[in-house]
1. Of all residues in the stretch G:17-30, count the ones that are within 23 Å of G:Pro109 (Cβ to Cβ) and facing chain H (nearest Cβ under 10 Å).
2. Could you list, in sequence order, the residues of the stretch D:90-140 that are within 21 Å of E:Met104 (Cα to Cα) and charged (D, E, K, R)?
3. Suppose we filter the stretch C:36-63 for residues that are closer than 20 Å to A:Glu77 by Cβ and touching a helix residue (DSSP H, G or I) at 6+ places or on another chain (Cβ under 9 Å); how many remain?
4. Can you tell me which residue in the stretch C:102-113 is surrounded by the most Cβ atoms within 10 Å (Cβ to Cβ), limited to those that are in contact with a His (Cβ under 8 Å, 6 or more places away or on another chain) and at the interface with chain G (Cβ under 7 Å from one of its Cβ atoms)?
5. List pairs: first in the stretch B:123-152 and at positive phi, second at pLDDT 95 or above and of a type in the set (A, V, I, L, M, F, W, C), Cβ under 9 Å, 6+ apart or cross-chain?
6. Identify, by number, the condition in (1) out of contact with any strand residue (DSSP E or B) (no Cβ under 9 Å at 6 or more places or on another chain); (2) among the β-branched types (Val, Ile, Thr); (3) in a strand (DSSP E or B) that F:Val79 doesn't meet.
7. Residues in the stretch C:114-143 that are assigned to a helix (DSSP H, G or I) and either buried (at least 23 other Cβ atoms within 10 Å of the Cβ) or at the interface with another protein chain (Cβ under 7 Å from one of its Cβ atoms) (or both): how many?
8. From the list B:Ile83, B:Ile101, B:Ile95, which one is within 20 Å of the chain's Cα centre (by Cα) and closer than 30 Å to A:Gly56 by Cβ?
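The values are calculated or read from the model by the stated rules, or taken from the named source; none is laboratory data. Only a predicted model underlies this, so the values are computations on that prediction, with no experimental measurement involved. Backbone-built Cβ (ideal geometry, glycine too); neighbour counts: all protein chains shown.
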Protein chains: 8
Amino acid sequence: MYSVLIIVGSDSDLPVIENTAKILDDFQVKYKIRVASAHRTPDKVKASVRDAEKNGAGVIIAAAGMAAALPGVVAAETVLPVIGVPLESKAIGGIDALLSIVQMPKGIPVGTVAIGKTGAANAALLAVRILAVGNPGLSKKLEAYRKKMASSVEEKDSRLQKLGIKKYVLEKQ
Amino acid sequence: MYSVLIIVGSDSDLPVIENTAKILDDFQVKYKIRVASAHRTPDKVKASVRDAEKNGAGVIIAAAGMAAALPGVVAAETVLPVIGVPLESKAIGGIDALLSIVQMPKGIPVGTVAIGKTGAANAALLAVRILAVGNPGLSKKLEAYRKKMASSVEEKDSRLQKLGIKKYVLEKQ
Amino acid sequence: MYSVLIIVGSDSDLPVIENTAKILDDFQVKYKIRVASAHRTPDKVKASVRDAEKNGAGVIIAAAGMAAALPGVVAAETVLPVIGVPLESKAIGGIDALLSIVQMPKGIPVGTVAIGKTGAANAALLAVRILAVGNPGLSKKLEAYRKKMASSVEEKDSRLQKLGIKKYVLEKQ
Amino acid sequence: MYSVLIIVGSDSDLPVIENTAKILDDFQVKYKIRVASAHRTPDKVKASVRDAEKNGAGVIIAAAGMAAALPGVVAAETVLPVIGVPLESKAIGGIDALLSIVQMPKGIPVGTVAIGKTGAANAALLAVRILAVGNPGLSKKLEAYRKKMASSVEEKDSRLQKLGIKKYVLEKQ
Amino acid sequence: MYSVLIIVGSDSDLPVIENTAKILDDFQVKYKIRVASAHRTPDKVKASVRDAEKNGAGVIIAAAGMAAALPGVVAAETVLPVIGVPLESKAIGGIDALLSIVQMPKGIPVGTVAIGKTGAANAALLAVRILAVGNPGLSKKLEAYRKKMASSVEEKDSRLQKLGIKKYVLEKQ
Amino acid sequence: MYSVLIIVGSDSDLPVIENTAKILDDFQVKYKIRVASAHRTPDKVKASVRDAEKNGAGVIIAAAGMAAALPGVVAAETVLPVIGVPLESKAIGGIDALLSIVQMPKGIPVGTVAIGKTGAANAALLAVRILAVGNPGLSKKLEAYRKKMASSVEEKDSRLQKLGIKKYVLEKQ
Amino acid sequence: MYSVLIIVGSDSDLPVIENTAKILDDFQVKYKIRVASAHRTPDKVKASVRDAEKNGAGVIIAAAGMAAALPGVVAAETVLPVIGVPLESKAIGGIDALLSIVQMPKGIPVGTVAIGKTGAANAALLAVRILAVGNPGLSKKLEAYRKKMASSVEEKDSRLQKLGIKKYVLEKQ
Amino acid sequence: MYSVLIIVGSDSDLPVIENTAKILDDFQVKYKIRVASAHRTPDKVKASVRDAEKNGAGVIIAAAGMAAALPGVVAAETVLPVIGVPLESKAIGGIDALLSIVQMPKGIPVGTVAIGKTGAANAALLAVRILAVGNPGLSKKLEAYRKKMASSVEEKDSRLQKLGIKKYVLEKQ
């Protein structure tokens, strides 16, 4: 049993997806990661989705670059909520993947997050938010996470007030 | 009590949001729509979010155009999953709203859907998918919806095979 | 038996695809048009491709708008050459469909043509060029088509030399 | 008491903001820099704005990247003039931040400057221009700054006339 | 004597600039509007700026479309704060004017607002904010304006709660 | 004998090119307009260029839309200066033609002007500027043209000062 | 005799085109590579196309960057199917080449593939698909290639299941 | 006396402009290079233009980055033909400079070339083409230059035929 299925179109996407895995680990949410391509192994994509449904998954995260069909193809295969992560490519910087994922036609929704690492992390947090609907324990963890984020900003600001900008920047280099 | 809060930044966004409301009605999912602006009435945004939490809402849909801060500001106020709908504006066609909503910084996720009417409809479907996690009745309705969509495509194709493209196009005009 | 399969994601794409059909008619190339969506009826897409292969088709043309996954999904299902036609959508003018079709990952090629009507016509001509490989009769028709295009430009130029630009423009209005 | 409040959404923005600080130092304009995020610490943003108003600040500079809501959120909190600095991000080069800051809806203006370091420096100069309204001493400093800029261009041109382009370029490397 | 100089590059820009004039009228701020082109009448631009300085103006608003050099050229002529309004053009929708105004080189700042009518209105509000620095009377008017905006949103929301979305949208058509 | 050759890729471009013709008429500069396509009638393009060289033409203006190869192909055929006019197309608004014309590889320069009607007019003026090098009579006409443009701006400004913005805008409608 | 002609506009494009050559080698498809520029050596382009036709070539692949006229110029010279590969350039990342190749006017089709290396590889695969029409031996090789691709994805996924994401990523570095 | 004036907005643009200077040197065309900024030293720009006119210059080349007003401001100051070179900037890659230069309003034409080094070289060649109008000696040099370019392509192609692609690419590294 696992709560989140993560599918990537290529194993070269895995370093970015570590950001997703890390946050799910922090929230102690079980997940499975699969390499399966909408274009190269469409049957494996289907099988992975079926496996997720059987294992009680509540969310699927799909990450892909370029003409990123994977999230939409996954969303067409299931009624589970699907989160799409557009990945950067060299030539156009990820705007191709973003539009390929977010501009889904009527009927098949994909919840799209930011391009690259930031999106990979936020995909995990959005998945946890979805799983936390009707799960007060998980909601509390999210509240705690949010407070920790706020504290971290506060600490940085306090340090900045103490050091001034020049020393702060020097120290961080 | 209601399951989905829909917030729009301006009442001029309501015609687009009718696409969201219609689908939620079809699924018999209760929702509340509020006009509240991240920039003009930030306190009302907060109050609407609190009201949604108290009324047991499981998802918030936020729609805005141009420098569309609303979905992000809502996501910063709650741990409920937030869906962002970028709206078209005259000069740049909605790419401003899309980037303002999807490129959220790490920590505050917004699941973004397509620009305009299509996105407004898909926001409703994504909300239903989220509410259907652990709700087999709603899941079945989604399966039925998907089958109906497929049948509708099949019917159109059958009609096309029967009429040929010229007559089909003429008939639809 | 037919030589070209044309798949469109939605029947609203058919008026644009009439430009494709007309040119194939002119070249007396047999074709079949199907409405089948990569997201709404993936199985129908597969079945249509299988049918094309059984009927001896040599090329598949797939047209779609927005997050246009159809051409790539078709190309993943067959080893026939696939031509993708990106269609215009209201908000971003077709750049979403263009990038979703042309930026295919390594291994699954789609030959992409221009956005909208022009691309729909050129998809037919590219299909005929492909079918004409090793078919001298069809090649001659293409040569004839090219000469006719050239003559048409020549005639317009002659008329322009005769009338001058003012009268020419007035006459055409 | 200070004249300019500078808010950045993240401490990783501070190296860019050093360009702002340096120019305000040159003009002997007092400022305070705070790390406060529109999404992670909205209350801190409010508190910082209130503090600026109490301390007689005349301008607020807000810098942020990606879906850069900070400048707009600040502008919604105060009637002081707000200057927005869009910061570069890796994937799309800052066009996301630019549109998120400049395309503000009617009623809440943000004066936006160029992306990145150049904008950070110009934000300081625009702030000084605003503070100089009705402050002849500061106006004179701005005139002097402008003359110095012009002289620096003149000197470079003189040197170029003397050395020729090849030597000039070599010397600068 | 007047407080704001508004320069437009062409008289065809005046309908958009009426949005600026109307708001300045509402705030009882005196202004002068001039048609003067950076490219066609550079000397008139200079003379207009000199006139503004002599008449005690505190802000200059410059609006232009396409390769919109006017705001930058004005900013180079004065140390008054300059607000740039990018105007829409037919072919590229105003992104040309936006980049031509906002991407000013170091040393010559222009505070840029949104493209078109929205920006024209916000330019007036930003000008008032600048003039209100050290002018409590004007600050209070701005606070009142903000409250009125908020009330207007509240009223629309109340009406929406009363009518429901269908009737509300019908009524507005 | 004629001084300027104007080539358009299609007779549908002629209404835009009337703006070019009108200005050349005003300057009493002789020109010839030809419809000749880089892709459909490459030999005619060559022949037109040869004819221009024989007739003493000093400049060639080439206008085209979409994948606008014509100006570059013309520039490859001659050592005369070539001016390229990118034309608007429906889907992407002319950015395709602009990049296809301006981004010429090293060795084959094309002087590119603005998209559409404005560019068509400016192409004529740039051609006259080129022909005026070493032709004092033509230079004087250009000076006169510039003064007339300036006067026209002055007149509009005077009228605006007299009428005020409301009446001016009403009167122009 | 050879089956595919590959033309590049500059020898600096050859490293990218090695991706094309390698795949054609794998399929034992004979090809010829020529350096010939649409702008610098238009006659050589023509001669290369004629040579290809005489040698029984069935497809032409043309690769170029910036204002990439080559594929269109080749398509205008022949009735063979032409595949265009847009190459990256430093300043705009290849969007210039993409639009210059894909937005061909009606009558002259170019089947365009992705920007850069990925497109160069896919151009070869599309060429093989075209040559395989009516060539069952080549079709079988394509099927085998597709299976190998799928197996490679499967193997990576198996390894990922065995190692977990952390070890997998470490091992690949 | 000199034939071409080259103006750059900043001495940091000089390394790119060396490409312009080198080609003018090759053609033995006299030129003067000045550092003068449209925004920082507008009077120097004017003076440089006047100096060019007095020294018999036939063309002015102006290069600038970001909100690149310089070429337009120069074109407004003279009736000489003006060539604009858009320079790359870090954040948006030069599209800002390109639009700021090419989208000139009606009446003030600037012949724009490609972004960066390629454009800098082509600006020189376009200047020579302009100066060669009515100068057969210079025209012959341009013809010779074109032949040399063609020969260089031919030589590379011959070498490629001899070595094959693998060795050719290895040798060039």
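1. From the stretch G:17-30, those within 23 Å of G:Pro109 (Cβ to Cβ) are G:17, G:20, G:23-24, G:29; that's our starting set.
Okay, now just the ones that are also facing chain H (nearest Cβ under 10 Å), so G:17, G:20.
So the answer is 2.
2. Quick first cut of the stretch D:90-140, residues within 21 Å of E:Met104 (Cα to Cα) only: D:92-104, D:109-132, D:139.
Within the stretch D:90-140, D:Asp96, D:Lys117, D:Arg129 qualify.
3. Just the residues of the stretch C:36-63 that are closer than 20 Å to A:Glu77 by Cβ, to begin with: C:36-50, C:62.
Filter once more, keeping what is touching a helix residue (DSSP H, G or I) at 6+ places or on another chain (Cβ under 9 Å): C:36-46, C:48-50, C:62.
Matching residues across the stretch C:36-63 total 15.
4. Within the stretch C:102-113, the subset in contact with a His (Cβ under 8 Å, 6 or more places away or on another chain) is C:104-105, C:107-108.
Applying the additional criterion that residues be at the interface with chain G (Cβ under 7 Å from one of its Cβ atoms) yields C:104-105, C:107.
On the way: C:Met104: 29, C:Pro105: 25, C:Gly107: 22.
Per the criteria, the residue is C:Met104.
5. Pairs found: B:Gly134/A:Val133.
6. (3)
7. Taking the stretch C:114-143 first, the residues assigned to a helix (DSSP H, G or I) are C:117-131, C:136-143.
Imposing the further condition that a residue be either buried (at least 23 other Cβ atoms within 10 Å of the Cβ) or at the interface with another protein chain (Cβ under 7 Å from one of its Cβ atoms) (or both) reduces the set to C:118-131, C:139, C:142-143.
Here the count works out to 17.
8. Details: B:Ile101 fails: closer than 30 Å to A:Gly56 by Cβ; B:Ile95 fails: closer than 30 Å to A:Gly56 by Cβ.
Selected residue: B:Ile83, the only one of B:Ile83, B:Ile101, B:Ile95 that is within 20 Å of the chain's Cα centre (by Cα) and closer than 30 Å to A:Gly56 by Cβ.
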